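The values are calculated or read from the model by the stated rules, or taken from the named source; none is laboratory data. Just so you know, these numbers come straight off a predicted model, no measurement behind them. Neighbour counts are summed over all protein chains in view; Cβ atoms, including those assigned to glycine, are modelled from backbone coordinates with ideal geometry. These area figures cover heavy atoms from the full protein model, side chains too; ligands, DNA and RNA do not enter into them. Shrake-Rupley method; radii C 1.70, N 1.55, O 1.52, S 1.80 Å.
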Amino acid sequence: MELKICHLYPDVLNLYGDTGNILCMRQRLSWRGIDSGVTRVCVGETLDLSDCDLLLIGGGQDFEQEVLLPDLCSGKAETLRSAIEDGICVLAICGGYQMLGQYYETWQGLRCDFVGALDLYTVGSQQRMIGNTVYRFRNTDGSESSIVGFENHSGKTWLAEGVEPLARVEVGFGNNGEDGTEGVHYRNVFGTYSHGPLLPKNPVFCDLLLRTALERRYGKADLIPLDDSAEQEAHDAMLRRLRKA
Ligand code: GLN
């Protein structure tokens, strides 16, 4: 068994070590004897997702997102839209998440069209939403767990009617600091404002991504349980700290 991972824009969108999410996914696969490979697609390079199982897009500053716009519109946007409709598993972090939406409007009113794969949009604000976060997340088996992370964004993201958030905010701002939603879950796309990197301290969520990708490629996913005591202690230490605050 093998999973093929694509890292889009590792050269530009890697704020707060989002690449660590790939290291975490590969290690949790390796501990289970499952191989994985990573294809890095930088600005100006061709994006081919036809044989990809998992796509990571990290976060970046407004400037970096603006730099990427021409490259996105050079064919990558269409590739992303069709791969997402085809069910590819995506982890999109902050700026990478915003860019899968319809558009980004700066607080001065300049509107940049983005990929248009997700029915959401982002409006820049003069408020910086920054700090540690705790989100309540419902797993596919109906169980609820927490996601701990770190956010730093000025964009406020609004989901269209009927678009499911990834989680609900317990501590932090989430999508916009107003409606209590965090991120998005659309088909197999998981968008979130959580940097960190996100996955090492959230093993349940990491395994959900791996299971989703394995089931899509192989029809089933037997992820043997791992000893997550260290990861869980790191997770719980943040919960204790943030719930006391
Ligand atoms: N530049 C975007 C914003 O500030 C995304 C930031 C990020 O990726 N951390 O909202």
Roughly how many whole Å is it from the C-alpha centroid of the stretch 70-144 to that of the stretch 1-52?
-> 18
For the stretch 89-104, in order, what is each residue's ³J(HN,Hα) by Karplus, 6.51 cos²θ - 1.76 cosθ + 1.60 with θ = phi - 60°, in whole Hz (x at glycine and Pro)?
-> 7, 10, 10, 10, 10, 6, x, x, 5, 4, 5, 7, x, 6, 7, 10
5 Å-binned pair-distance histogram of the stretch 158-245 (Cα, whole percent) | 3, 12, 18, 21, 19, 15, 9, 3, 0
Using the Cα gyration tensor of the chain, with a ≥ b ≥ c the square roots of its eigenvalues, what is the shape: rounded (a/c below 1.5), prolate (a/b larger than b/c) or oblate (neither)?
-> oblate
Projected area of the stretch 120-165, taken from the Cα convex hull and averaged over every viewing direction, in nm²?
-> 4.0
Could you pull out every one of the lysines with an alpha carbon less than 30 Å from that of K156, ignoring same-chain neighbours closer than 8 positions?
-> K76, K201, K244
Roughly how many Å² is the accessible area per residue of the stretch 47-186, as a whole number, for a 1.4 Å probe?
-> 41
5 angstrom amide H check on L3, placed H, neighbours 5+ away = D35, S36, G37
By accessible area of protein heavy atoms, probe 1.4 Å, what ranking do F114, F205 get, highest first?
-> F114, F205
Per-residue HN-Hα couplings for the stretch 145-152, Karplus 6.51 cos²θ - 1.76 cosθ + 1.60 at θ = phi - 60°, whole Hz, x for Gly and Pro?
-> 9, 9, 10, 9, x, 9, 10, 7
From the backbone phi of the stretch 163-170, what are the Karplus-calculated ³J(HN,Hα) couplings (6.51 cos²θ - 1.76 cosθ + 1.60, θ = phi - 60°) in whole Hz, Gly and Pro given as x?
-> 7, 7, x, 6, 7, 10, 7, 9
Under 1.5 on a/c is rounded, so check that first for the stretch 1-105, then, if it is not, pick prolate when a/b is larger than b/c and oblate when it is not; a ≥ b ≥ c are the square roots of the alpha carbon gyration tensor eigenvalues.
-> prolate
Whenever you get a sec, compute what percent of the accessible area on the chain sits on carbon and sulfur atoms (1.4 Å probe).
-> 49
Among the chymotrypsin sites (Phe, Trp or Tyr not before Pro) within the stretch 5-95, which fall in a DSSP loop and have no more than 15 other Cβ atoms within 10 Å of their own Cβ?
-> W31
